[in-house]
Amino acid sequence: MATFIIRRLTWAVIVTLVITILVFLLFFKTPGIDPARQMAGRNPDPQTIAAIKHEFGLDRSLPVQYALMMKRMFISRDLISYQYHNKVIPQLVDAAPVTFSLVLGASILWIVGAIVIGVAAAVLRGTIFDPLLMVISLIGISIPVFWLGEVANLITQDRLHDSVFSWVPPLGYVPLTQDPWQWFLHLVIPWFVLSVLYIGFYARVLRANLIETEGEDYVRTARAKGISEERVMFRHTLRTSLITFVSLFGLDFGILVAGSTLLVEVVFNLHGIGYLTYNSLTRLDLPVIMATVIYGAIFIVFANAIVDILYARLDPRVRPT
Amino acid sequence: MAEFAYEPEPELSLGPGERAEAVAGQSPWRLAARRLWRNRVAMAGLVLFLLIVLVSFLAPVYANHIAHTDALQPNVNGTTVVNGKTVEVIQQGGGPLGLGENPIGPTWQTNYFIGADQNGRDVAARVLYGGRSSLLIGIGSALIACLIATIIGLIAGFFRGLTDSALSRLMDLIWAFPVYLLAITLSTVLLTTNGLQWGPIHLDASSLWIPTIIIGVIYVPYVMRPVRGQVLSVREKEFVDAAIAQGASNWRLVFSEILPNIITAVIVLLPLMIATTILTEAALSYLSIGVQPPNASWGTIIQDGQALLYTRPWVAIAPGIMIVLTVLSLNLLGDGVRDALDPRAKVRLRK
């Protein structure tokens, strides 16, 4: 187990390193892209560009530039954004809680929702409710999340804002430490919108797993012992089926926290990691891009490690002896 | 579990409710086609998808002969006839507080059926034109992803060893980058440099090929993994050994022996891949880094509609409904194709 973890972590570090180099080269070596020109604004004169190049170290050789950027990111922690001329690390620190709050709430919703729908569909197999629940889940998977967000905004901010949804505050984010109740109110609708896709997907996976587990010998044995149907479902079938569920959840959680929430963040004007990444990418703000990419890679690695440990905890068959 | 007295072939498996005598002697493809044909939900998905394709490709017919409107050129100062009265397409001062410009809302008639966008273009016709781009990019990029993934998967699985490790690590590397971030990075770079110049091939920044290629490339690892797994297992089969003993060339082994046996894995994934690529295209276009003007796609129309969301919500709602219907139909079809080709398969996970 220890060697496995060390190997996985080494590989993850290599991946992160290679990705930063690739992103760096992509933005510096692609002909036609010049960060200095980007910073100088419209119709700059050559002196301004040269001055900017010197100021940001863009006139040095590429390996030196790369090393400088990494040093300022990790050691002196004073990496400066090309676009806004402010420090990058504090921007990340400000954005991370927003994305965390969004993903945390949504993941609670999607775990509960998916287990309820998945178990209901498996229990009701043979009735009309099973295919009905599965088609509803499939519709959930088929909805573009940003469009769902806009429709939710249309309903809660405008059409029904005077009646049912008068409690929905304007778009934006309020920190948990500042006002927990407002934090909750601002995030309820984004949580629902983000979780719909995952509820649909996880419910389908869980149902398939439950039905597969139903055929196992130990479930038959449990029934033969005279255990109640509820106990068979919750103590035996569901517990085994949740193993896949947990490993999928870890990976999705990591990818979302790493910034894949950007569509929801853009629609609901939540200035989280995804929003920051998207803004920096479209403005070619390389220091911020590099910082968010490394941040994201670290979270994906972290999520993978947790998944492996949980997997071993949940499934005695892969527990190291 | 039901016990089958007769197994036609060890490889062939029976679908639920299928009797062994009925499938004996049938070719696997014919069997799969019959299973798919009998799956009413999957056929409904197929019909819905074909209907959407047909309607989208008839966009010029709708615009020119039914609606008599232009979906592509701005029509800010134009007029149209509603209930026998001539009205302006963009009403000045029609916005909130009597200020600003307000495009015409749904007329529920052939012209401007669901209203106009900010440039006075007929949204209904535009949604059909947008569907053409979305479907072309979705299908094109899914085909690109499947083609490249099959080639890489065949090479990696057939040669194994160092080749396999190198290719698999490369795929892992792409995989470690969240899909949307990778797509945004590539799109931004290509759009900033005004398109792609590669030898004699030049692609303009507004070319539909750019999003098609980007989306195709980022999904290669998703298809490559299952293909590689299949190749690795098929390569161990006796008939491959037999072909090697007969002195078959590598070329012949890959294309005549292995490829026909792994192609079902790709076919099963294709409808689900198209569903995924259509959603990705919509997301990129919504972020204005997918389809570029003057072309429209469902994603760009939703983006146009965002500014009009509270006054003219149909501009954003209509293309979204089209996306949901298209993706849903493909998912239904994909489930059916999987059940038809591989009736005992478990639900395949996204990764």
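The values are calculated or read from the model by the stated rules, or taken from the named source; none is laboratory data. Everything quoted here is computed from the prediction, not taken from an experiment. Every residue, glycine among them, receives a Cβ derived from its backbone with ideal geometry; neighbour counts consider all protein chains shown. Only protein heavy atoms, including side chains, enter the accessible area calculation; ligands, DNA and RNA are left aside. Shrake-Rupley method; radii C 1.70, N 1.55, O 1.52, S 1.80 Å.
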Inset, instruction - Examine the stretch B:192-201 for a residue that is in contact (Cβ under 8 Å) with a residue 12 or more places away in the chain and either in contact with a His (Cβ under 6 Å, 6 or more places away or on another chain) or farther than 20 Å from B:Leu287 by Cβ (or both), and state whether such a residue exists. - result: no
Inset, instruction - Among the residues of the stretch B:271-302, count how many are more than 9 Å from chain A (Cβ to nearest Cβ), touching a helix residue (DSSP H, G or I) at 6+ places or on another chain (Cβ under 9 Å) and open to solvent by 10 Å² or more (accessible area, probe 1.4 Å). - result: 9
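Among A:Gly140, A:Gly105, A:Gly113, which is the only one that is modelled with pLDDT of 90 or more, within 14 Å of another protein chain (Cβ to nearest Cβ) and open to solvent by less than 70 Å² (accessible area, probe 1.4 Å)? Walk me through how you get there before you give the answer.
On the way: A:Gly105 fails: within 14 Å of another protein chain (Cβ to nearest Cβ); A:Gly113 fails: within 14 Å of another protein chain (Cβ to nearest Cβ).
From the options A:Gly140, A:Gly105, A:Gly113, the qualifying one is A:Gly140.
On the basis of being without any contact (Cβ under 8 Å) to a residue 60 or more places away in the chain, within 16 Å of the chain's Cα centre (by Cα), assigned to a helix (DSSP H, G or I) and more than 9 Å from chain B (Cβ to nearest Cβ), does A:Gly254 make the cut? Show your work before the answer.
On the way: without any contact (Cβ under 8 Å) to a residue 60 or more places away in the chain: yes; within 16 Å of the chain's Cα centre (by Cα): yes; assigned to a helix (DSSP H, G or I): yes; more than 9 Å from chain B (Cβ to nearest Cβ): yes.
Yes; evaluated as a whole, the condition is true for this residue.
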Legend entry - Residue tally, condition more than 10 Å from chain B (Cβ to nearest Cβ) and among the aliphatic types (A, V, I, L, M), over the stretch A:143-193: 12
Legend entry - Residue list for the stretch B:234-252, filter: surrounded by fewer than 17 Cβ atoms within 10 Å (Cβ to Cβ) and either of a type in the set (S, T, N, Q) or not in a loop (DSSP other than H, G, I, E, B) (or both): B:Glu238, B:Phe239, B:Asp241, B:Ala242, B:Ile244, B:Ala245, B:Gln246, B:Ser249, B:Asn250, B:Trp251, B:Arg252
Legend entry - Unmet requirement for B:Ala176, which otherwise passes all of (1) in contact with a Phe, Trp or Tyr (Cβ under 8 Å, 6 or more places away or on another chain); (2) open to solvent by 10 Å² or more (accessible area, probe 1.4 Å): (1)
Inset, instruction - Would you tally the residues in the stretch B:315-351 being modelled with pLDDT of 90 or more and open to solvent by 50 Å² or more (accessible area, probe 1.4 Å)? - result: 2
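Out of A:Thr240, A:Thr221, which single residue is touching a helix residue (DSSP H, G or I) at 6+ places or on another chain (Cβ under 6 Å), more than 9 Å from chain B (Cβ to nearest Cβ) and surrounded by fewer than 21 Cβ atoms within 10 Å (Cβ to Cβ)? Show your work before the answer.
On the way: A:Thr221 fails: touching a helix residue (DSSP H, G or I) at 6+ places or on another chain (Cβ under 6 Å).
Matching residue, one of A:Thr240, A:Thr221: A:Thr240.
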Inset, instruction - Please find, within the stretch A:48-79, the residue that is most open to solvent (accessible area, probe 1.4 Å) out of those that are of a type in the set (S, T, N, Q) and in a helix (DSSP H, G or I). - result: A:Thr48
Legend entry - For B:Ser285: the one exception among (1) of a type in the set (Ser, Thr, Tyr); (2) outside any helix (DSSP H, G or I); (3) closer than 20 Å to B:Tyr129 by Cα: (2)
Inset, instruction - Could you tell me whether any residue of the stretch A:272-287 is more than 30 Å from A:Gln65 (Cβ to Cβ) and within 11 Å of chain B (Cβ to nearest Cβ)? - result: no
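Quick check on this structure: which one of B:Gly216, B:Gly229, B:Gly195 is modelled with pLDDT under 90, within 18 Å of B:Met273 (Cβ to Cβ) and open to solvent by less than 40 Å² (accessible area, probe 1.4 Å)?
Numbers: B:Gly216 fails: modelled with pLDDT under 90; B:Gly195 fails: within 18 Å of B:Met273 (Cβ to Cβ).
After ruling out the rest, the residue left standing is B:Gly229.
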